[in-house]
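J.: Take this structure, written in structure tokens, and hold onto it; I'll ask about it next.
The values are calculated or read from the model by the stated rules, or taken from the named source; none is laboratory data. Model, not experiment: these values are computed from the prediction. So basically every Cβ, Gly included, is an ideal-geometry build from the backbone, and we count neighbours across all protein chains shown.
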Amino acid sequence: MKKALFLLCLLLGSLSAHAQFEQGKKYVSTSLSGIGCSYSAKEDFRFGLDASVGYFAADCLMLRATVGYDHTHEIDDFNIGLGARYYFDQCGVFAGVGAEYAHFTPKNNDLLIPVEIGYSFFINRFITLEPSVYYKMSLHDFSDNSAVGFRFGLGFYF
């Protein structure tokens, strides 16, 4: 009996998650990135704040826009970007790719290609915790400006 009840709960949980990745749904999120867990050739510490909005153009495919701020010991940068995120098999695992324009405070600009993989853990029908790992490849200075890091976000699906 316990196994049957557990399977029923899993089935209901997966159905409610499916409803959040349907075409026409909207998404708003904020996240902390870096958090001292990123690596780049230029610095050993990075802290960032990001905000994004998204729209599901098709089931499991979200188009999104992001804006962010990153702080390091030497420089600050502001970025804006567009991208897409694909959710695999309604389970919450996602992969994303996009393009970002970054402006570094001293007087440098860069174009970045961010790639991320993560998981959307639903707290309730609308709110998620979203840990992810990202890689941002720099097209201006590949060896010094590219970065790997960890991001932790809070998302709202409606």
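J.: Scan segment 143-158 for residues that are of a type outside the set (D, E, K, R) and within 21 Å of Ile117 (Cα to Cα) and jot them down.
T.: Asn145, Ser146, Ala147, Val148, Gly149, Phe150, Phe152, Gly153, Leu154, Gly155, Phe156, Tyr157
J.: Would you be able to say whether some residue in segment 33-51 is surrounded by 18 or more Cβ atoms within 10 Å (Cβ to Cβ), modelled with pLDDT of 95 or more and of a type outside the set (Asp, Glu)?
T.: no
J.: Here's another thing I want to ask about it. Mind listing whichever residues of segment 89-103 are surrounded by 13 or more Cβ atoms within 10 Å (Cβ to Cβ) and under 14 Å from Ala58 (Cα atoms)?
T.: Within segment 89-103, just Gln90 meets the criteria.
J.: Is at least one residue of segment 56-67 modelled with pLDDT of 90 or more and closer than 17 Å to Gly34 by Cβ?
T.: Scanning segment 56-67 turns up at least one residue that is modelled with pLDDT of 90 or more and closer than 17 Å to Gly34 by Cβ.
J.: Is there a residue being surrounded by fewer than 13 Cβ atoms within 10 Å (Cβ to Cβ), at pLDDT below 95 and closer than 25 Å to Lys25 by Cα anywhere in segment 71-87?
T.: Checking segment 71-87: not a single residue is surrounded by fewer than 13 Cβ atoms within 10 Å (Cβ to Cβ), at pLDDT below 95 and closer than 25 Å to Lys25 by Cα.
J.: What are the residue pairs meeting all of these: first residue in segment 11-29, first residue farther than 28 Å from Gly48 by Cα and at pLDDT 60 or above, second residue among the aliphatic types (A, V, I, L, M) and surrounded by 12 or more Cβ atoms within 10 Å (Cβ to Cβ), Cβ atoms under 6 Å, and 6 or more apart or on different chains?
T.: Gln23/Ala58
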